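One structure, pasted below without further comment.
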Amino acid sequence: AYSINGVPNLEKLSKESGFPYFNLGFIQPDQTTPLETDGTIRWGWGGYYSLGEAGGTSSKQYQGIKSSIKSLRDNGGDYTISVGGQVGKAPWVVTQNVDKLESFYMDIINTYGAKRLDLDIEESNQDYQQNIANAKAIKRVQDKTNIEITLTIPIMPSGWQDKQIKIIK
């Protein structure tokens, strides 16, 4: 009852918990082969990099994701898609090509109808120059779509360190 093709039934969870909003994650580049030969980012959810409309188990999960988020939204809920995370390399680490990063984000937005993205910028993904390329791509995407962007940045017990402050700036 809580699954649609192996994916959480967000509408059911929302109705039973009273929480109408969810953060869904994490979308990350394929950790083995992060880029196609043309530099396009190979991405997926939580280690599954072949989710798509083609047949097979991955197709059922892909359809489950699409169905779950549609029914959530149809019933007044919504979601934010989180990109990055603690484990693995973030998209802005595997490439600093602003065009490819922009295309990556547009693909997520168009595929899932996302209105909000969260950039989970964990310790291993906080290189300043890499994040500048990402910020340029995000700015382009915001100009095209008006998507809302949130940042998840770790804070140390002593507060933010210099590198986290630079990321925010």
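Report, largest value first, the span of the C-alpha coordinates of the stretch 7-96 along each principal axis, in whole Å.
Projected onto the principal axes, the Cα atoms of the stretch 7-96 cover 43, 30, 18 Å.
What does the helix-only formula give at 222 nm for the chain: each DSSP H stretch with n ≥ 4 adding -39500 (n - 2.57), the total divided by the residues, and the result rounded to the nearest 500 deg cm²/dmol? Numbers along the way, then the final one.
Working: 6 runs with 70 residues, N = 169.
Calculated from helices alone, the mean residue ellipticity at 222 nm is -13000 deg cm²/dmol.
On to the next question. Given a 1.4 Å probe and every protein chain left where it sits, what share in percent of the accessible area of the stretch 1-110 is carbon and sulfur?
50
Cβ under 11 Å from residue 93's Cβ, residue 93 left aside: what net charge do those residues give with Lys, Arg +1 and Asp, Glu -1? Provide the component values of the computation, followed by the final result.
Working: positive: 89; negative: 122, 127.
That works out to -1.
Per the Kirkwood definition applied to all pairs of different Cα atoms, how many angstroms is the hydrodynamic radius of the stretch 56-169? Intermediate results must be reported in sequence, preceding the final value.
On the way: mean 1/r = 0.0652 Å⁻¹.
Computed over Cα pairs of the stretch 56-169, the Kirkwood hydrodynamic radius comes out at 15.3 Å.
Here is a further query. For the chain, give the share of DSSP beta bridges that are antiparallel, in percent and rounded to the nearest 5; count only bridges with both residues there.
Once the DSSP bridges in the chain are tallied, antiparallel ones form about 35 percent.
Using only the Cα atoms of the stretch 5-48, what are the Rg and Dmax in Å?
15.1, 45
Another one. Among 111, 146, 34, flag the residue with its Cα farthest along the positive direction of the charge dipole of the chain, charges on Cβ as +1 for Lys/Arg and -1 for Asp/Glu.
Farthest towards the positive end: 146.
Separate question: When the accessible area of the stretch 115-161 is computed with all protein chains present and a 1.4 Å probe, what percentage of it is carbon and sulfur? Intermediate values should be presented prior to the final figure.
Values: 1410 of 2720 Å².
It is 52 percent, rounded to a whole number.
Okay, next question. For the stretch 55-149, what is the accessible area per residue in Å², given a 1.4 Å probe and the full set of protein chains? Don't skip to the end; give the middle numbers.
On the way: 4210 Å² over 95 residues.
Counting only protein heavy atoms, the per-residue value for the stretch 55-149 is 44 Å².
Taking the stretch 1-92, which GluC sites (Glu not before Pro) meet the DSSP loop condition and have no more than 15 other C-beta atoms within 10 Å?
For GluC sites (Glu not before Pro) across the stretch 1-92 that sit outside H, G, I, E and B with at most 15 neighbouring Cβ atoms in 10 Å, the list reads 36, 53.
Compute the distance in nm between two label points, each set 7 Å from the Cα along the Cα-to-Cβ direction, one at residue 144 and one at residue 165.
3.5
Same structure, new question: For the chain, what is the relative contact order in percent, using Cα pairs closer than 8 Å and at least 6 residues apart in sequence?
Details: 261 pairs, mean separation 35.6, N = 169.
Computed over the chain, the figure is 21 percent.
Next question, about the same structure. Going through the stretch 1-50, which chymotrypsin sites (Phe, Trp or Tyr not before Pro) have at most 16 other Cβ atoms within 10 Å and a DSSP loop state?
Hits after loop and neighbour filter: 2.
At 1.4 Å probe size, with every protein chain present, just tell me what the per residue accessible area of the stretch 1-42 comes to in Å².
63
The values are calculated or read from the model by the stated rules, or taken from the named source; none is laboratory data. Quick caveat: nothing in here was measured; it's all calculated off a predicted structure. Using ideal geometry, Cβ is built from the backbone for each residue, glycine included, and neighbour counts are taken over all protein chains shown. Please note that ligands, DNA and RNA were not included when accessible areas were found on the heavy atoms of the full protein model with its side chains. Shrake-Rupley method; radii C 1.70, N 1.55, O 1.52, S 1.80 Å.
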